[in-house]
Structure formats: structure tokens, C-alpha cells
Amino acid sequence: MSSTTHTSTIGAIGAPSRRNTELALLVFAVAIPCFAYANVGLAMTGEMPTGMLGYGLGLGLLAAVGHLVVRKFAPYADPLLLPLATLLNGLGLVVIWRLDQSQRLQQRAENLFGSFSPDAPKQLMFSAVGIALFVAVLILLKDHRILQRYTYISMAVALVLLILPMFFPAVNGAKIWISLGPFSIQPGEFAKIIIAIFFSGYLMVKRDALALASRRFMGIYLPRGRDLGPIITIWAMSLLILVFETDLGTSLLFFGMFVVMLYVATERTSWIVFGLLMSAVGAVGVATFESHVQQRVDAWLHPFSDTVMQQSDQVAQSLMAFGSGGVLGTGLGQGNSDLIGFAANSDFILATFGEELGLAGMMAFLLIYGLIVERGVRTALAARDPFGKLLAVGLSGAFAIQVFVVCGGVMGLIPLTGMTLPFVAQGGSSVIANWALIAILIRISDTARRPAPAPAPNPDAEMTQVVRP
Amino acid sequence: MSELTLTVMRLGFLAVLWLFVIVAVQVIRSDLFGTRVTQRGSRRGGEARPQARQQAAPAPRQQSGGGGRQRRGAPSKLVVSEGTLTGTTVALQGQTISLGRAHDSTIVLDDDYASSRHARIYPDRDGQWIVEDLGSTNGTYLDRTRLTTPTPVPLGAPIRIGKTVIELRK
């Protein structure tokens, strides 16, 4: 009996769990997409959309399930991660639905495939699967340190996931898909999470050797030749991905993630310098002989040139969409981003946001991504175990790099890649994998923010109490 | 739909989106200032609390001594209650827990006074948890006595390794 009261006092000491804050934010995060949905409907057809109730209830239900599971299984988790992800997912659904309504895209699909099927219901289903995985991860993964046991297994699994697409036919020039019957999966999205587990398990053990054994030269620490082994291996791997799967995005993501984690693990700036040099050399090297990559670089440097426009005017249309949006945007449902045609609701979905919400909306949108990354890094700072720290940094770093690579590509900052915007772009693998990523971050932040148990009764204190009558 | 309504909705939506971002940042701000400073300094001030706990603590110990090693009295987790790792918990599931500075320890101690393989905690055949010093330089203490042989750990008794204190809890 007395021992139960003993444990309950420990719970009371701690900081507030912030679950009610999360609930309030979640209500807000469900309300905003509903507003957007009504806005699109009113702008495009002049009346409230008929699916409004079903969509709002669907998103609300998913958010409620997510919240209740967090409340039960991760009561001290960060209050922002779930609402931010829900908002992005909800806005993505609205914009996919908005592009489904576009006459131009419907016509295009009918010309190409003979029929048009809307993507928004599918995406809502994928979001439900994503939330189911989120729930499963939170319930089954009681402690993120369990993942540490699977360091080398996860390396093997990640390698298999990365290599598998090579044996499947290329889709639109990039081999990043595996197709199993009616389903096709983008294994890179899942490999991202699994390889973060491997990197953090590996670097946690090896970081002392990588950090301490170095010589100082010209103000930076130069690592010994043999300590360059891991970074060269990962570099070679990501180059192989670039050459054989012709996917710049995945390749950049994995190499960038490793460099970020290496830097965090060793606190040596020299790794970043090395990483940047190596990726520059690799990218330029591959771009000189790989024709698919060359095309992408051409489309990036000269998006409006005749040769590029003949192949595909996507980048040009996307840039025009951003431009016509201006500062305040054209308003939801009133842009012409559907001119992009192919992949308007997946790789290029950001252009629709850019045109219809303008610079002001775009900034808020990117800030929401920034906040997710910030909460991830914050979780890493608060985590007490080195594995959890590295895993949280790795996952949020991967998230950040992915957002950068996609947004940079669509905006013409870097060559376009085949990556998807997390939570927003149409595509099952991406939504499902990113919900799992958020679940792991929530698990780590729950462990990190759990209040410290009460200090042990100190034998010295007993002595003083005896002396004092 | 009139042009005016749509313009109002367009600007309204941007305002709501920004409002969400601002609210989120406010939550982060309250998160920064709203947490409590760790209770490490409260040793002197909070005398009433340890006293109360000492009255509560002996009871389960007697219970586990008299009532045998039933499931109910068995500890379910190991808690680090002092030192740099304060707050770390490890669930006890019948596995051996190794403590030390070595990277492959269950609990990696970041403590100047700890050896690389300092001690281990394991269940014996009856499910009683045993702590054993693995020949460490600075020793392992159960309560205030230095360990020389594998010793059963009562619930809530502090195991000291350098500046780190570890307890078994229910």
C-alpha cells in the first residue's frame, strides 16, 4: 500500500504533461484545414463542398485517436509534434482534393489513362494507415533504447530496402519504387527511419575514436585516414544510388543525414567540410556522365530554354506558379498551378501552395516544418541517453533535408529530385513513413521530458536529523 | 461567390495560418520557462519530504522480507536517482543489467569514479535482484556498505557508484 503512495508522489513532482495544450492545438490544427476546404469549395464552385462533413470528421477522428494514444502511452511527450503533423497532413489533403477538382487535370488523366480517379480519398486512407502505424509504434515501442539492439540488423534491412528498387523498372526515369501487385512502395521513405537507427547505434559506439583521434591543421581537425572509412563507405553508397537509381534526392538525403549525425556525435566541424566537399565532387562527377541527372541539371539551370521546354515544362510552370502567387497569393482554389500537369499533386504540390497562399502563406508553411525540426532537435537536447540524442537528431535532420531538397527543387534552387514533401504530397509511403517518424520522436521526447524521480533518501541527511532534536 | 467574400476568406486564411504558428511558438516559449529546476538542490530545504518517505520506505521492505518473493513485491524498474543520468529508468525484465563506462553497458555511466565494467545487477533463481561489484576501482556501495560479495538488493535501497545513485522501484 505504502509503496503505491510512494510512486504517486513521484508523479506529482514533475512538470505538467502539456496534454491539454496539445488537445487545444489539435482542435486548431483540424479547424484550419476545414476552413481551407470550405474556402476551396466556395472559390471553385460557389457553394460549400458536399464532402465537408466527412472530411472534417475523418481528419478529426484521426487526430483524436492520435491524441488519446499519446495521452495514454506517452503522457509527457512534446505537445507540438502531433498538432503540427496533423495540420500539414490536413492541408495536404485539402490541396490534393483541390487539384482533383481541376478540369485540366481531369481532362489530362482521361486523355492519358482513359479514366480519372480522385486522389484525395486514397490519401485520406493512407493517412489513416499512417495514424495506425503511429499508434502501433507508440504502443509497441515502450522504450526507444530497444532499437539500439537492432543496430546491425537495421543496417542490413536498410541496405535491402535501398537496393531493391534497382531490380524494378524505372518509373518516370527514377528507380525508387518497388511494385507488389497493385501496390507500389517507395522503400526509401522507410529506409530513412531504419538507417537513422543504424547510424545512431553505430556512431554512439564509435564517436570517441572519430572525435579524438585527429590532428589539428589550418584551424580544423583532420581525422586520421582510417577514420575516414565510414564516411567514404556511405558516400560510395549514396553515389551508387545516384548512378543506378538515378535519384538525387535519396542519395543527398542519406549522405546529408550521415554527415549531420557525424557532426553531432563528434562535435568536429571538419566532418561538415569533408561532407560538403565530397558531395560536391560526387554530384559534379556523376552529372558529367549520367544522362538522366544531366537532364535534371539542365532543367534547373535553364528552365525556360527551348530544349528543356520540349521535354517537360514542369519546372517552368512551377516557377510561374510561385511568381503569379505574389505576396498574398491568389486564394485557395483560384490559381492555375494545375498547368504543371504531371505530378502536380505529389512532387510539385508546393507550387500550388506557393501560388494560392503566396509568399505569406509559404513562409508560415515552411515555419511549420521548421517547428517540427526544432522540436526534434529540442528532444535530442533533452534526451539523456546518447542513442536517443543521436536518433532524434538523425530523424529530424532527415526530415529537414527532405523538406529542403523538395522545396529547393520545386523553387529552382537546386536540381529537381523525386522526393515527396513530408505529410503533404500525395503518396502512401511518404505519409505512412513520416507518421512513424513522428511516433518515434514522440516516444523519445516522452522519455526525455518525463520528470526525474525524487532523489534518494540521503544517508547524510539522516545523520543530521538525528543530531538535531 | 462574390469577390469580396473570397478576398476576405483568402486573407482570413493566411491570418489563421499565421495565428497557428504564433500560438505554437508561444507554447514553445512557455515550455522553456515553465519547467521546474531539477530537485537536486532541495536536499536541505525539503527535509520534510525525505522524512515522510523514510517512514513509507521501510514498509515495503518488510513486506518483501516477510511475504517472500511474490510477484507483487518484485521491483519492475531500475531508476537512476542521482548523478548526471538522473531520471533514466530501465525496465527489469529478467535480464542482467551491466553498469559501467563501457559503451555496451546497459547503463553507460558518465561518472569519473566509475570503472568501465563496474557492477552488474541480475535476478537469481527466485527472482530476487542481486547486485555484484565486478572488481571496480572505487567500489560499489549498497546503502553505506561497500560490497564484497553479490548481495540482494531490497526495494528502494540506494546503490552508489561514484556520484551516481541507482534504486530498484516498483
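Below, the figures for the structure above:
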read-out: Among (1) outside any helix (DSSP H, G or I); (2) surrounded by fewer than 17 Cβ atoms within 10 Å (Cβ to Cβ), the one test that A:R104 misses; value: (1)
read-out: Answer residue from region A:43-62, given it is in contact with a Gly (Cβ under 8 Å, 6 or more places away or on another chain), part of a helix (DSSP H, G or I) and within 14 Å of another protein chain (Cβ to nearest Cβ) and is surrounded by the fewest Cβ atoms within 10 Å (Cβ to Cβ) among those; value: A:M44
read-out: Residue in region B:23-30 that is surrounded by 13 or more Cβ atoms within 10 Å (Cβ to Cβ), of a type in the set (G, A, S) and either modelled with pLDDT of 85 or more or outside any helix (DSSP H, G or I) (or both) present; value: yes
read-out: Qualifying residue in region A:363-376 (condition: under 11 Å from the mean Cα position of the chain (by Cα), of a type outside the set (S, T, Y) and modelled with pLDDT under 90); value: no
read-out: Within region A:65-79, tally of residues that are of a type in the set (A, V, I, L, M, F, W, C) and either buried (at least 24 other Cβ atoms within 10 Å of the Cβ) or without any contact (Cβ under 8 Å) to a residue 24 or more places away in the chain (or both); value: 4
read-out: Those residues of region A:396-412 which are closer than 16 Å to A:F255 by Cβ and either buried (at least 20 other Cβ atoms within 10 Å of the Cβ) or within 14 Å of chain B (Cβ to nearest Cβ) (or both), in sequence order; value: A:G397, A:A398, A:F399, A:A400, A:I401, A:Q402, A:V405
read-out: Total residues in region A:325-372, condition more than 14 Å from every other protein chain (Cβ to nearest Cβ) and farther than 26 Å from A:I401 by Cβ; value: 4
read-out: Selected residue (criterion: farthest from A:R149 (Cα to Cα)) from residues of region A:381-393 that are touching a Lys or Arg at 6+ places or on another chain (Cβ under 9 Å) and crowded, with 23+ Cβ neighbours inside 10 Å; value: A:A392
read-out: Residues of region B:131-151 that turn out to be more than 19 Å from the chain's Cα centre (by Cα) and within 14 Å of B:T96 (Cα to Cα), as a count; value: 4
read-out: Residue in region B:118-141 that is of a type outside the set (S, T, Y), at positive phi and surrounded by 16 or more Cβ atoms within 10 Å (Cβ to Cβ) present; value: yes
read-out: Test: A:T352 is touching a residue at least 40 places away in the same chain (Cβ under 8 Å) and of a type in the set (S, T, Y); value: yes
read-out: Among the candidates A:T250, A:T246, residue that is of a type outside the set (F, W, Y), touching a residue at least 40 places away in the same chain (Cβ under 8 Å) and not in a helix (DSSP H, G or I); value: A:T246
read-out: Tally of residues being over 20 Å from A:L161 (Cα atoms) and of a type in the set (S, T, N, Q) across region A:230-288; value: 5
read-out: Test: residue in region B:108-117 that is of a type outside the set (S, T, Y), outside any loop (DSSP other than H, G, I, E, B) and either touching a Leu at 6+ places or on another chain (Cβ under 9 Å) or under 25 Å from A:I444 (Cβ atoms) (or both); value: yes
read-out: Residue within region A:424-433 that is within 14 Å of chain B (Cβ to nearest Cβ) and within 30 Å of A:D119 (Cα to Cα) present; value: yes
read-out: Test: A:I176 is under 20 Å from the mean Cα position of the chain (by Cα), of a type in the set (V, I, T), at pLDDT 80 or above and more than 20 Å from A:Y263 (Cβ to Cβ); value: no
read-out: Residue within region A:316-325 that is without any contact (Cβ under 8 Å) to a residue 40 or more places away in the chain and in a loop (DSSP other than H, G, I, E, B) present; value: no
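The values are calculated or read from the model by the stated rules, or taken from the named source; none is laboratory data. Worth saying up front: this structure is predicted, and the values here are computed from it rather than measured. Cβ coordinates were reconstructed from backbone atoms using ideal geometry, including for glycine residues, and neighbour counts include every protein chain displayed.
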